[in-house]
1. Work through the residues other than residue 82 whose Cβ is under 15 Å from its Cβ and net out their charges, Lys, Arg +1 and Asp, Glu -1.
2. Along the Cα→Cβ direction, 7 angstrom out, place labels at residue 42 and residue 209. What is the inter-label distance in nm?
3. How much FRET efficiency would the formula 1/(1 + (r/R0)^6) give for residue 148 and residue 52, where r is the Cβ-Cβ distance and R0 is 30 Å, rounded to 0.05?
4. Based on Cα positions only, what radius of gyration and what Dmax would you give for the range 67-111, in angstroms?
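Values in this text are rule-based calculations from the coordinates and carry no lab data. Note that the structure is a prediction, hence the values are computed from the model and not measured. Here the Cβ positions follow ideal geometry from the backbone for every residue, glycine too, while neighbour counts run over all protein chains shown.
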Amino acid sequence: MEYDDVLTIATPEGVEMHLTLAGPASRFVSAIVDILIQAALLVCVAVVLGLAGKGIGLGSGVALLLWAVISFALITFYDIFFEVFQSGRTPGKRLNGLRVVRVEGHPVNFLTSAVRNVIRPVDFLPTAYLLGAVVILATRKNQRIGDVIAGTLVVREHAVGGRSEFARPLPTPVRASAWDTSGITQEEIATVKQFLERRHDIEGDPRTELATTLAERLRPKVTGAPSDLRGEQFLLALLAAKSGRTS
């Protein structure tokens, strides 16, 4: 059984964001799922190379070399690919509702993902993810060695209907396509996404207060927004306008 650890991050906008940190058990299960997927892919590659070798007369030595190269690329870039292009979620992490983010709550980039995954083999020493689990339990932010070096965290997602809350469409009366959001920075949009993604972790008045505070801090930087659009609805519309979506 895991007990959730919650990390509070104070954003430049003066809003506190709460990230639920993933524990070693859920991370271990995610890693096993990803390892099984990689193993299945490697078996498929071996079968394809074997059939190709028979069909076109590919020598066993060449086929083995190709399999070794493809295996190295798959094992090396599997996690990096999904973490960079799938918002920090490998298939195993997605299955367990986890994602990788930077310590300030922003998405990982290629460099941070590469660093954390190059160090990954160390966490499996001496066997079965033992060192990684020990380090996760020993660090305040539930980080393994690769996370500490890369400055990353693994957190729990809270989604509705299989997708994050901030991705849900706007109410039909809201039209944000004409808004001028050029004054809103990417860091501010990242803060809005973080709040909308995790708002259901915040109960009652604190949630309303946080939404109102964040919305009113950003409203002066936006032109064209209706004056009666407040709190979470304003933040949803702002995110839609910044990303070019309309309801």
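1. +3
2. Going by the 7 Å Cα→Cβ label model, 5.3 nm.
3. 0.10
4. According to the Cα coordinates of the range 67-111, Rg and Dmax are 11.8, 39 Å.
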